[in-house]
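The values are calculated or read from the model by the stated rules, or taken from the named source; none is laboratory data. All of these numbers come straight from a predicted model, not from anything done at the bench. All Cβ positions, glycine included, derive from the backbone under ideal geometry; neighbour counts span all protein chains shown. We work out accessible area using only protein heavy atoms, side chains counted, and drop any ligands, DNA or RNA first. Shrake-Rupley method; radii C 1.70, N 1.55, O 1.52, S 1.80 Å.
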Amino acid sequence: MFGFFARKGPHRARITTSGDTIEVGAGDNLLKAALNQGLAWPHNCRVGSCGQCRCRLVSGKIKPLNDFSYVLTGEEMDAGMILACQTSLRSDVEIEVALDKPATALSQPKSVGGVIARARPLTHDILEVRIRLDEAMPAYLAGQYAELSVPGLIEKPRSYSFASAPENEPFGHVSFFIRHVPDGEMTGWLHAANQEGQRVNVAGPYGSFWLRDSAAPMLCIAGGSGMAPIKALLEQVSSQGFQRQVTYVFGARTRDDLYCLDEMKQIKARGNGHFNFIPVLSREPDDSDWSGLRGRCTDILSPEAFDLPNSHAYLCGPPAMIDSAIECLSRAGVKSEHIFYDKFIDASHMQGGRV
Ligand SMILES: Cc1cc2nc3c(=O)[nH]c(=O)nc-3n(C[C@H](O)[C@H](O)[C@H](O)COP(=O)(O)OP(=O)(O)OC[C@H]3O[C@@H](n4cnc5c(N)ncnc54)[C@H](O)[C@@H]3O)c2cc1C
Ligand code: FES
């Protein structure tokens, strides 16, 4: 099924599960072509690290752009599973994949120039970065992300989740919450000095982390800058009039790592008893007067406190935190198809770094 010397394309991919057919150009990977043609193909990192774009090659020849075994198990590969973001086509193919069904049609991603209009510290290591765009971006869904690059300086894009629901942004602007990663190129540049006025490129929207239509209780868990897409989702739930019970557990080390507390209060006030925000601190000094919960955010997920088997979970933040939350929720009976997540993967989680 893997073909290294076959014709380079363009080729066609027929999606057996939906009947869609897409054209995949010679220089494109399967995921990129699918997103450009408006298919809601599940994905997160787009660089071969998260496994969310996995699909099954039913027939035809492909060329792997990276080693799938970094993410897929031997069993999955024996069953014909591949990663769409790491696949180019060598012939017409048939693919089996469970496409998502967002309530609104997805926008085709596009790159737009802009200027950093605001860079405001939210905590000691998280900046709010607001960008004034030269022209409107394609409409995004709360929970999705964009890719940011700095022309002439940092050309390899980094992914950042939109920090507000689209209707809450001033016209022609987008905002992100960006945490400083030690030795990170983009975040080092952003945090080293005030970069207001600098030109940047914003490409998107990307990502499958949007709100699923449901009245099920919603449990959100985030840490660090994972606040950004969860806040956007909460703003959407709030503007829809809180038709469901929502609990948001935010994990932080100390009180200095808490932020957006006023925004959470406002959402709670609008929630009319349907919204509860629970910050949990893992390293707050014992002698501080913090009267809230302590420990890891997964420590508090007891079946007595939450209707877990009937809940939908939305998780966002560092990969290790997400993995441990998924494990904990699965053990507590949350169905895997009701766990939605975005892992904030950086170069240290990528096979061979950022290529
Ligand atoms: C879908 C998605 C959404 C995201 N949303 C957000 C968000 O809203 N907010 C946010 O703050 N972050 C977010 N991220 C993370 C973000 O995209 C960046 O990865 C992060 O900001 C780090 O970028 P950087 O350029 O500063 O660091 P990088 O230069 O990418 O480096 C990151 C770390 O990896 C190390 N490293 C570099 N190369 C290698 C190598 N070859 N091997 C091992 N280690 C290496 C570096 O020393 C550093 O410690 C998101 C990620 C994804 C995938
Ligand atoms: S989107 Fe393909 S592996 Fe993450």
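Where a Cα-Cα gap under 17 Å defines reach, which lysines qualify for LYS63, not counting those fewer than 8 residues away within the same chain? Output for LYS63: LYS8, LYS32. Of all aspartates and glutamates in the structure, those lying under 19 Å Cα to Cα from LYS61, and not within fewer than 8 positions of it along the same chain, are ASP20, GLU23, ASP28, GLU76, ASP78, ASP92, GLU94, GLU96. For the stretch 284-332 versus the stretch 203-265, the inter-centroid distance based on Cα atoms is 14 Å. At a probe radius of 1.4 angstrom, the accessible area of the chain per residue rounds to 46 square angstrom. Looking only at PRO182, PRO319, PRO166, which one moves most when the chain is put into a Gaussian network model with springs between Cα atoms under 10 Å? Largest GNM mean-square fluctuation: PRO182.
Within the set LYS156/LYS343; LYS156/LYS268; LYS231/LYS335, which residue pairs have Cα atoms separated by over 28 Å? As for pairs spanning more than 28 Å Cα to Cα, those are LYS156/LYS268.
Under a 1.4 angstrom probe, counting protein chains only, how are PHE162, PHE340 ranked by accessible area, largest first? Write out the running numbers ahead of the final one.
Values: PHE162 0, PHE340 30 Å².
Ranked list, largest accessible area first: PHE340, PHE162.
Quick one: how many Å² of LEU57 are accessible to a 1.4 Å probe, rounded to 10? Ignoring ligands and nucleic acids, LEU57 comes out at about 0 Å². Over all Cα atoms in the chain, the spread is summed up by Rg and Dmax: 20.6, 68 Å. For SER288, neighbours were defined as the other residues whose beta-carbon sits under 14 Å from its Cβ, and their charges (Lys and Arg +1, Asp and Glu -1) total -2.
Overall, the accessible surface of the stretch 218-347 at a probe of 1.4 angstrom is composed of carbon and sulfur to the extent of 48 percent.
List the chymotrypsin sites (Phe, Trp or Tyr not before Pro) in the stretch 163-269 that DSSP assigns to loop (not H, G, I, E or B) and whose Cβ has at most 11 other Cβ atoms within 10 Å. Which are they?
Those that pass, being in a loop and sparsely packed, are PHE171.
Of the trypsin sites (Lys or Arg not before Pro) found in the stretch 290-355, those in coil by DSSP whose Cβ has at most 15 other Cβ atoms within 10 Å are LYS335, ARG354. Where does helix 261-271 land angle-wise versus the long Cα axis of the chain, in degrees 0 to 90, nearest 10? Once rounded, one gets 90 degrees.
Can you tell me the orientation of helix 319-331 relative to the chain, as the angle in degrees between its alpha-carbon axis and the longest Cα principal axis, to the nearest 10? That helix lies at roughly 80 degrees to the long axis.
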